[in-house]
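J.: Structure provided below as structure tokens; questions to follow.
The values are calculated or read from the model by the stated rules, or taken from the named source; none is laboratory data. Values in this document were obtained by computation on a predicted structure and should not be read as measured data. Cβ atoms come from the backbone with ideal geometry, glycine included; neighbour counts cover every protein chain shown.
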Amino acid sequence: MDNLEKIFKAVSDRNRMRIIKLLEKRAMCVCELAFVLGISQPAISRHLKKMILAGLVDSQQDGFWTNYFLNTSSEYSRTITRMMKGWLSDDATVMRDESKAKKANREKLCCPRNKK
């Protein structure tokens, strides 16, 4: 019961729902998510931490970046993410997020290496 409670708490936030919808499409780093949602990187990190603890999201290091993606290793997370795929797809905010995500370029957003 504790795991399911964590999952429901994790998906009960508007920004975390938006993150789930974005991660349905592709893995993203914190700076890409912050760019799309228009909130700070520390706020994104706090949201991701709650989602990781609930088992909804996982991460993998990719050189300079950490990629976050939907975790489908538990039955609860698989079921919730599968159900959410059909939800909110026609929501105006979600559609704007998906459009903006196509413009999210981590090379330019995340501490570009050529900046001094």
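J.: Between residues in segment 1-19 that are within 14 Å of Ile80 (Cα to Cα) and residues that are aliphatic (A, V, I, L, M) and not in a helix (DSSP H, G or I), which pairs lie under 6 Å by C-beta distance while being six or more apart or on different chains?
T.: Ala10/Leu56
J.: Tell me, yes or no, whether segment 95-106 has at least one residue that is modelled with pLDDT of 95 or more, within 13 Å of the chain's Cα centre (by Cα) and among the small types (Gly, Ala, Ser).
T.: No - not one qualifying residue is present in segment 95-106.
J.: Give just the number: which of (1) part of a helix (DSSP H, G or I); (2) of a type in the set (D, E, K, R); (3) exposed (fewer than 13 other Cβ atoms within 10 Å of the Cβ) does Asp90 not satisfy?
T.: (1)
J.: Shifting gears a bit: Is it fair to say Lys49 is exposed (fewer than 13 other Cβ atoms within 10 Å of the Cβ), touching a helix residue (DSSP H, G or I) at 6+ places or on another chain (Cβ under 7 Å), basic (Lys, Arg) and under 26 Å from Lys103 (Cα atoms)?
T.: Values: exposed (fewer than 13 other Cβ atoms within 10 Å of the Cβ): yes; touching a helix residue (DSSP H, G or I) at 6+ places or on another chain (Cβ under 7 Å): no; basic (Lys, Arg): yes; under 26 Å from Lys103 (Cα atoms): yes.
No; evaluated as a whole, the condition is false for this residue.
J.: Could you list all residues from segment 61-87 that are closer than 21 Å to Asp2 by Cα, among the hydroxyl-bearing types (Ser, Thr, Tyr) and either surrounded by 12 or more Cβ atoms within 10 Å (Cβ to Cβ) or touching a Cys at 6+ places or on another chain (Cβ under 7 Å) (or both)? Walk me through it before giving the result.
T.: Residues of segment 61-87 that are closer than 21 Å to Asp2 by Cα, as a first pass: 70-84.
Narrowing further to those that are among the hydroxyl-bearing types (Ser, Thr, Tyr): 72-74, 76-77, 79, 81.
Result: Thr72, Ser74, Tyr76, Ser77, Thr79, Thr81.
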